[in-house]
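Asker: This structure is in structure tokens; I'll ask about it shortly.
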Amino acid sequence: MARIVVPEAEALLDQEIPVLDKGFVRLVDYMGGDQRIVQAARVSYGAGTKSYRQDRALIHYLLRNDHTSPFEQVVLTFHAKMPIFVARQWVRHRMARLNEVSGRYSVMKDEFYVPAADTMRGQSTDNKQARSDEQLPNAERIIDQMVEDQRLMYAHYEEMIDKGLAREIARANLPISLYTEWYWQMDLHNLLRFLNLRMDSHAQYEIRVYAEAMAKCAQAVAPMAYEAFEDHIRGCVKLSRAESAALVRMLEGKDSGLEGRPLAIFEEKLERMRAAAPSEAPEELDGPQVKD
Ligand SMILES: Cc1cc2nc3c(=O)[nH]c(=O)nc-3n(C[C@H](O)[C@H](O)[C@H](O)COP(=O)(O)OP(=O)(O)OC[C@H]3O[C@@H](n4cnc5c(N)ncnc54)[C@H](O)[C@@H]3O)c2cc1C
């Protein structure tokens, strides 16, 4: 079977998508696309690629029903450059293959992440893992301090290297704002999981912007799968049993029955539902009627 070539993905190959102040995401290569997903799925269900409409319906059906293995047949390889603290979060997604620049082998470059002033927010009071919406009045001064520290650390690092200290130990004091680079290869199923977690509003801004750049690549490689991801994963809001019961009560014109923090979380979810809801009712795509 011939290699699948997707023109939109070909156009993105080797293009650096700038991220943060000095980082980027670059699609190095891809294998497969929507066509590969339907070919793989039809090994289960019989017959190959059909019309655009049938293929699209099949892809939606698969994702809606958690039949995820056909999505593992599509693979994307990225070259990305990010601050080490972003890499620390990123690398938690274990279903991937990576190769990172070596600070033992090479002298690390004098490249540090310097946050933009408008991202310098105060500590959130209701989420220990997040920043608030409130911008700090003294942001510029704090940024100057960060840059000052970075310069000092790097000057000492260079000094230690000049004195003959091994690179592998000289790097030990470099801060996590230092940029690193890697090749990162992931199948589409796991990439969509990654995107769902890291494009979420609860993810840290600095990794969210990388996820958004990678999402552009995923969308180019497999546009139907990406559309299904938006409809059935990103556009979904998970409700607990108590929240489902509260929603049913509300639909019956009754009070939700929730109060305090559970009510606040439920209301936030309702708000997300409203925000994600398309202005017109989306087309319902019928997939094949199959059983596992
Ligand atoms: C907003 C946010 C905040 C977070 N905060 C923290 C934090 O404070 N501290 C922290 O440590 N982590 C934190 N994480 C990381 C999080 O706990 C997960 O490790 C990360 O999201 C990767 O998810 P995953 O394990 O599903 O992905 P992957 O590692 O890609 O794994 C995919 C799936 O494969 C399976 N799998 C993979 N490896 C194994 C294994 N070794 N054993 C069993 N099953 C496996 C699991 O089913 C898993 O769900 C945070 C993540 C997010 C998005």
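The values are calculated or read from the model by the stated rules, or taken from the named source; none is laboratory data. Because the structure is a prediction, the values reported are computed rather than measured. Note that each Cβ is placed from the backbone with ideal geometry, even for glycine, and that neighbours are counted across all protein chains shown.
Asker: Going by the conditions given, is ASN138 within 16 Å of the ligand (Cβ to nearest atom), exposed (fewer than 13 other Cβ atoms within 10 Å of the Cβ) and over 30 Å from VAL6 (Cα atoms)? Talk me through it step by step, then tell me what you get.
Answerer: Details: within 16 Å of the ligand (Cβ to nearest atom): no; exposed (fewer than 13 other Cβ atoms within 10 Å of the Cβ): yes; over 30 Å from VAL6 (Cα atoms): yes.
Spelling it out, it is not the case that ASN138 is within 16 Å of the ligand (Cβ to nearest atom), exposed (fewer than 13 other Cβ atoms within 10 Å of the Cβ) and over 30 Å from VAL6 (Cα atoms).
Asker: Here are SER69, SER44: which of them is at pLDDT below 95 and in the same structural domain as GLU227 (by TED's automatic domain parsing)?
Answerer: On the way: SER69 fails: at pLDDT below 95.
Being at pLDDT below 95 and in the same structural domain as GLU227 (by TED's automatic domain parsing) holds for just one of SER69, SER44, which is SER44.
Asker: Identify the residue in the range 144-187 that is within 16 Å of the ligand (Cβ to nearest atom) and in contact with a Ser or Thr (Cβ under 9 Å, 6 or more places away or on another chain) and, among all such residues, is nearest to ILE59 (Cα to Cα).
Answerer: Pass one, the range 144-187, residues within 16 Å of the ligand (Cβ to nearest atom): 176, 182, 184-187.
Cutting the leftovers down to in contact with a Ser or Thr (Cβ under 9 Å, 6 or more places away or on another chain) gives us 184-186.
Numbers: TRP184: 25, GLN185: 22, MET186: 19 Å.
Filtering first and then ranking leaves MET186.
Asker: Hey, another quick one. Give all pairs with beta carbons closer than 7 Å in which a residue from the range 89-108 that is in contact (Cβ under 8 Å) with a residue 60 or more places away in the chain meets a residue that is near the ligand (Cβ under 9 Å from one of its atoms) and assigned to a loop (DSSP other than H, G, I, E, B); count only pairs at least 6 apart in sequence or on separate chains.
Answerer: As it stands, the answer is GLN89/GLN204, since those pairs meet every condition given.
Asker: Now for a different question. Output the number of residues of the range 190-207 satisfying the condition of being more than 7 Å from the ligand (Cβ to nearest atom) and either of a type in the set (Ser, Thr, Tyr) or part of a loop (DSSP other than H, G, I, E, B) (or both).
Answerer: Here the count works out to 4.
Asker: Cβ-Cβ below 6 Å, separation at least six or inter-chain, first residue in the range 70-83 and part of a strand (DSSP E or B), second among the acidic types (Asp, Glu): which pairs?
Answerer: VAL75/ASP187; THR77/ASP29; LYS81/GLU181
Asker: Identify all residues within the range 231-245 that are among the basic types (Lys, Arg), outside any helix (DSSP H, G or I) and surrounded by 13 or more Cβ atoms within 10 Å (Cβ to Cβ); write none if there are none.
Answerer: Hits for the range 231-245: nothing passes.
Asker: Exactly one condition in (1) assigned to a strand (DSSP E or B); (2) over 28 Å from LEU152 (Cα atoms); (3) not assigned by TED's automatic domain parsing to the domain that holds VAL209 is false for LYS128; which is it?
Answerer: Answer for LYS128: the failing condition is (1).
Asker: Residue under question is ILE161, and the condition is that it be outside the structural domain of ILE207 (by TED's automatic domain parsing), surrounded by 13 or more Cβ atoms within 10 Å (Cβ to Cβ), among the β-branched types (Val, Ile, Thr) and farther than 27 Å from HIS202 by Cα; does it hold? Explain how you work it out, then say what you get.
Answerer: Working: outside the structural domain of ILE207 (by TED's automatic domain parsing): yes; surrounded by 13 or more Cβ atoms within 10 Å (Cβ to Cβ): yes; among the β-branched types (Val, Ile, Thr): yes; farther than 27 Å from HIS202 by Cα: yes.
Here the answer is yes, as ILE161 does meet what is asked.
So that you can scan it fast, the table gives a plain yes or no per residue for (1) on the phi < 0 side of the Ramachandran plot; (2) under 20 Å from the mean Cα position of the chain (by Cα); (3) not charged (D, E, K, R):
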residue	(1), (2), (3)
ILE4	yes, no, yes
ILE17	yes, yes, yes
ASP34	yes, yes, no
VAL43	yes, no, yes
GLU72	yes, yes, no
ALA80	yes, yes, yes
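Asker: OK, next. So the check is Cβ under 8 Å with 6+ separation or different chains; which pairs have a first residue in the range 1-26 that's part of a helix (DSSP H, G or I) and a second one that's of a type in the set (A, V, I, L, M) and modelled with pLDDT of 95 or more?
Answerer: Every condition considered, the pairs that remain are GLU8/ALA220; GLU8/VAL221; ALA9/LEU27; ALA9/ALA220; ALA9/VAL221; ALA11/ALA220; LEU12/LEU27; LEU12/ALA220.
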